[in-house]
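Engineer: Below: one structure in structure tokens.
The values are calculated or read from the model by the stated rules, or taken from the named source; none is laboratory data. Keep in mind the model is a prediction, meaning the values are calculated, not measured. Virtual Cβ from ideal backbone geometry, glycine too; neighbours counted across all protein chains shown. What goes into the accessible areas is simple: the full protein's heavy atoms, side chains included, and nothing from ligands, DNA or RNA. Shrake-Rupley method; radii C 1.70, N 1.55, O 1.52, S 1.80 Å.
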Amino acid sequence: MEASVQARATGAETALANKTRKKAGPRIKSKDVNVFYGEKQALFDVSLDIPDNAVTALIGPSGCGKSTYLRCLNRMNDVIEICRVTGMIEIDGRNIYDPDVDPVQLRARVGMVFQKPNPFPKSIFDNIAYGPRIHGLVSSKSETEEIVVNSLKRAGLYEEVKDRLDAPGTGLSGGQQQRLCIARAIAVNPEVILMDEPCSALDPIATARIEELIDELKENYCIVIVTHSMQQAARVSQRTAFFHLGILVEEGETGQMFTNPEDERTQDYITGRFG
């Protein structure tokens, strides 16, 4: 009971924080971010503000640094021994690279969905329940069931799997597996969702379902998506950032970026002259 009350209180605090954030400006602020893999520099002085309750698309040719930047936002680069990150990245005004920031707790706040669906070798139910359990968000079976059902509903998957929650997550179709991974990400009530080409391994029908889901989720989350598809960026995002050779060339409102970019390199990429 106490855990449930505490969870509701936390939800109320989060709602209040959401209202405050909308007035306060960007959810994520990065300034002069540089990334090195050993002697090789992959990102150069990237400064980018990312708004809340919106989708920001990162576009650019392969190897331009967009996925490297995305992984900076939840410190996934920490797991690469030769990687070094400098500069400042703040989420809600707190530098996530401060020494006293726990990367494990950070990754609970900043969920990630990868290019290839990667469900755990567990049941559909346990795929969703795993995160809330290890982060201590549930204290009873009924609380766990509530989170699992709500997460699957929010990911648009519940009606398709409600009669087989004990079946392996790996037995689902590719599109269903990706929605399962999205449900798994939102089960721990994150504030930010990162998506690294979430549709590149999916067929057009599954891609359309994921894009619809992204559009719904932006009402409650700050979403950053890496995509090779400029059509997808145009469909799902409100803001777009164009990377080239590790440099953030320009960023702005998506419609403006695609119809009247400021930089010639952006124009050349969008019109297919390179990439």
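Engineer: Give me the net charge of Lys122's neighbourhood, meaning all other residues with Cβ under 13 Å from the Cβ of Lys122; Lys, Arg count +1, Asp, Glu -1.
Structural biologist: 0
Engineer: OK, next. Hey, got the dipole for segment 162-207? About the Cα centre, +1 on K and R Cβ, -1 on D and E Cβ, debye to the nearest 20?
Structural biologist: So the magnitude is around 180 debye.
Engineer: What residue among Leu213, Val101, Thr144 has its Cα farthest toward the positive end of the dipole of the chain, where the charges are +1 on Lys, Arg and -1 on Asp, Glu, each on the Cβ?
Structural biologist: Going by the Cα projections, it comes out as Thr144.
Engineer: Could you tell me the accessible area of Val110 in Å² (1.4 Å probe, neighbours in place), rounded to the nearest ten?
Structural biologist: 0
Engineer: While we're looking at this one, here's another question. Please work out the C-alpha center-to-center distance from segment 29-94 to segment 137-184 and express it in whole Å.
Structural biologist: 30
Engineer: On to the next question. Would you mind giving the average projected area, over all directions, of the Cα convex hull of segment 61-141 in nm² with one decimal?
Structural biologist: Computing the convex hull of the Cα atoms and averaging its projections yields 7.7 nm².
Engineer: Cut-off 10 angstrom, C-alpha nodes, Gaussian network model of the chain. Which of Tyr37, Tyr69, Tyr97 fluctuates the most?
Structural biologist: Fluctuation is largest for Tyr37.
Engineer: How large a share of the accessible area of the chain, in percent, is made up of carbon and sulfur atoms when the probe is 1.4 Å and the other protein chains stay in place?
Structural biologist: Whole-percent figure for carbon plus sulfur exposure: 50.
Engineer: Based on Cβ point charges of +1 for Lys and Arg and -1 for Asp and Glu, what charge dipole magnitude is obtained for the chain about its Cα centre, in debye rounded to the nearest 20?
Structural biologist: Here the chain has a charge dipole of around 300 debye.
Engineer: A follow-up question, please. Check the straight Cα-Cα distances from Lys29 and name the lysines below 23 Å, setting aside those fewer than 8 residues away within the same chain.
Structural biologist: Reachable lysines: Lys19, Lys66, Lys218.
Engineer: Let me ask something else. With a 1.4 Å probe and all protein chains in place, put Thr207, Thr271 in order of accessible area, largest first.
Structural biologist: Solvent-accessible surface, decreasing: Thr271, Thr207.
Engineer: Excluding Asn77 itself, what net charge comes from residues whose Cβ is under 11 Å from its Cβ, given Lys and Arg +1 and Asp and Glu -1?
Structural biologist: Computed value for this residue: +1.
Engineer: Please compute, over every Cα-Cα pair in segment 105-235, the percentage with a separation greater than 26 angstrom.
Structural biologist: In whole percent, the long-distance tail amounts to 15.
Engineer: Another question about this same structure. Over the chain, give the accessible area per residue in Å² for a 1.4 Å probe, as an integer.
Structural biologist: On a per-residue basis, 49 Å².
Engineer: Heads up, I need the accessible area for Lys40: 1.4 angstrom probe, whole protein in place, Å², nearest 10.
Structural biologist: 140
Engineer: A further question follows. Per the Kirkwood definition applied to all pairs of different Cα atoms, how many angstroms is the hydrodynamic radius of segment 129-180?
Structural biologist: About 11.6 Å for segment 129-180.
Engineer: Further, regarding this structure: Binning at 10 angstrom from zero up to the longest distance, how are the C-alpha pair distances of the chain distributed in percent?
Structural biologist: Calculated over all Cα pairs of the chain, the distribution is 7, 28, 35, 23, 7, 1, 0 percent.
Engineer: Sticking with this structure for a sec: Select from Gly63, Gly156, Ile225 the residue farthest towards the positive end of the dipole of the chain; place +1 on Cβ of Lys and Arg, -1 on Cβ of Asp and Glu, and compute about the Cα centre.
Structural biologist: Of the listed residues, the answer is Gly156.
Engineer: Heavy-atom accessible area of Met195 with all protein chains present, probe 1.4 Å, nearest 10 Å²?
Structural biologist: Here the residue's solvent-accessible area equals roughly 0 Å².
Engineer: To continue, here is another question. To the nearest 20 debye, what charge dipole does segment 33-86 have about its Cα centre, counting +1 at the Cβ of each Lys and Arg and -1 at the Cβ of each Asp and Glu?
Structural biologist: The dipole of segment 33-86 has a size of about 140 debye.
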